[in-house]
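The values are calculated or read from the model by the stated rules, or taken from the named source; none is laboratory data. Just so you know, these numbers come straight off a predicted model, no measurement behind them. Cβ coordinates were reconstructed from backbone atoms using ideal geometry, including for glycine residues, and neighbour counts include every protein chain displayed. To get the accessible areas, we keep the full protein, side chains included, count just its heavy atoms, and leave off ligands, DNA and RNA. Shrake-Rupley method; radii C 1.70, N 1.55, O 1.52, S 1.80 Å.
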Number of protein chains: 2
Amino acid sequence: MSKRNLPLSRVYALLETGPVVLITTAHKGRSNVMTQSWHTMIEFEPPLVGLVISNRNFSYDALIATRQCVINIPTAELARQVVGCGNVSGAKVDKFARFGLTCKAASRVRPPLIDECYVSLECRLRDTSLVDKYGFLVVEVVKAWKDPSVKIARTLHHQGKGKLIVAGE
Amino acid sequence: MSKRNLPLSRVYALLETGPVVLITTAHKGRSNVMTQSWHTMIEFEPPLVGLVISNRNFSYDALIATRQCVINIPTAELARQVVGCGNVSGAKVDKFARFGLTCKAASRVRPPLIDECYVSLECRLRDTSLVDKYGFLVVEVVKAWKDPSVKIARTLHHQGKGKLIVAGE
């Protein structure tokens, strides 16, 4: 193949294409949700997940203070909500109300499950040793929920610059 | 949605679906390649990538010793090679020869670019502070190559249990 030099500023769009997720938190009497796509599996079982969350996010403080979150995985039908949740801050807006997302009670943590997402993973914060350096957090999935009717999930994948693609085949 | 409890052992297949990559290393006079899918972007620029690589992998020692690797992103045409490279160890086999992958010289590191992959990212190891705990490494992309003729990349995404899907739409 005839590869050419690519500016380093465009590298992220090639690798960040894991499923876009909606992360919920609950703190000081209210819940919030953020759109996130920088994450990786770290261990199979108990499932450990690495999340990159900037301290500029409103959800960051809630996650650090409460050490709990829910990772919800949306499918293509929720593309509008996913983009919307990524473009406004929970500091100013109740995103559940604005984007029509339904909260359901989780079983092991206080942040809510998002009913419209086909997967919800209840998580507890396990490791913050790289949070100051990279915003990198390790969470453990303590309870997992999945809609068994979804066989092939049309998950959303970010391609940089706000462009989303849908998983296929 | 009517979500049901999911065994924690099945969580990884929901989140690990970022693009499957082929990571090359070079150590003690020979190169090797491994299939990998647990990674995340950590910073935009300079691009930092988090990789989870078990010390049971033959590539692990090479990466730790040389502090260099190349992350190559294959597309669907290479599915057979990707699965093959994931199922044998470089300790026993020259995977480039067995799977017909072509090495090209990189410009900033010693491990080779894989010519058949549409993207190759030359990387240097930057942080090993979580490697003993989780096999988690932070690498910096120091040079990036992309075939500009590939507009929409049909990348491969692991769905657990050896099942791969192709990115669509």
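Of all residues assigned to region B:100-109, none qualifies as being basic (Lys, Arg) and away from chain A (no Cβ under 14 Å). Listed by first and then second residue, the pairs linking a residue in region A:124-147 that is at the interface with chain B (Cβ under 8 Å from one of its Cβ atoms) and on the phi < 0 side of the Ramachandran plot to a residue that is of a type in the set (S, T, N, Q) and not in a strand (DSSP E or B), with Cβ atoms under 8 Å apart and 6 or more places separating them unless they lie on different chains, are A:SER129/B:SER129; A:LEU130/B:SER129; A:LYS143/A:SER107; A:ASP147/B:SER2. A:VAL33 - would you say it is within 24 Å of B:THR155 (Cα to Cα) and under 13 Å from the mean Cα position of the chain (by Cα)? Against the criterion (within 24 Å of B:THR155 (Cα to Cα) and under 13 Å from the mean Cα position of the chain (by Cα)), A:VAL33 does not qualify.
Look at (1) surrounded by fewer than 22 Cβ atoms within 10 Å (Cβ to Cβ); (2) under 25 Å from B:VAL52 (Cβ atoms) and you find that A:PRO47 fails only one, number (1). Considering only region B:99-118, I want to know if a residue exists there that is within 23 Å of A:TRP38 (Cα to Cα), touching a Ser or Thr at 6+ places or on another chain (Cβ under 9 Å) and at pLDDT below 95. There is at least one residue in region B:99-118 that is within 23 Å of A:TRP38 (Cα to Cα), touching a Ser or Thr at 6+ places or on another chain (Cβ under 9 Å) and at pLDDT below 95.
Beta carbons closer than 8 Å, at least 6 apart along the sequence or on distinct chains, pair a first residue in region B:41-62 that is at the interface with chain A (Cβ under 8 Å from one of its Cβ atoms) with a second that is open to solvent by 60 Å² or more (accessible area, probe 1.4 Å) and in a strand (DSSP E or B) for B:LEU48/B:ARG126. The set of residues in region B:63-75 that are farther than 14 Å from B:VAL142 by Cα and either within 11 Å of the chain's Cα centre (by Cα) or within 8 Å of another protein chain (Cβ to nearest Cβ) (or both) comprises B:ILE73, B:PRO74.
Number of residues in region B:1-31 that are open to solvent by 10 Å² or more (accessible area, probe 1.4 Å) and at pLDDT 85 or above equals 6. All told, B:GLU122 falls short of being within 25 Å of B:VAL166 (Cα to Cα), acidic (Asp, Glu) and surrounded by fewer than 23 Cβ atoms within 10 Å (Cβ to Cβ).
Looking at region A:65-77, is at least one residue under 20 Å from A:TRP38 (Cβ atoms), open to solvent by 20 Å² or more (accessible area, probe 1.4 Å) and hydroxyl-bearing (Ser, Thr, Tyr)? No, region A:65-77 has no match at all.
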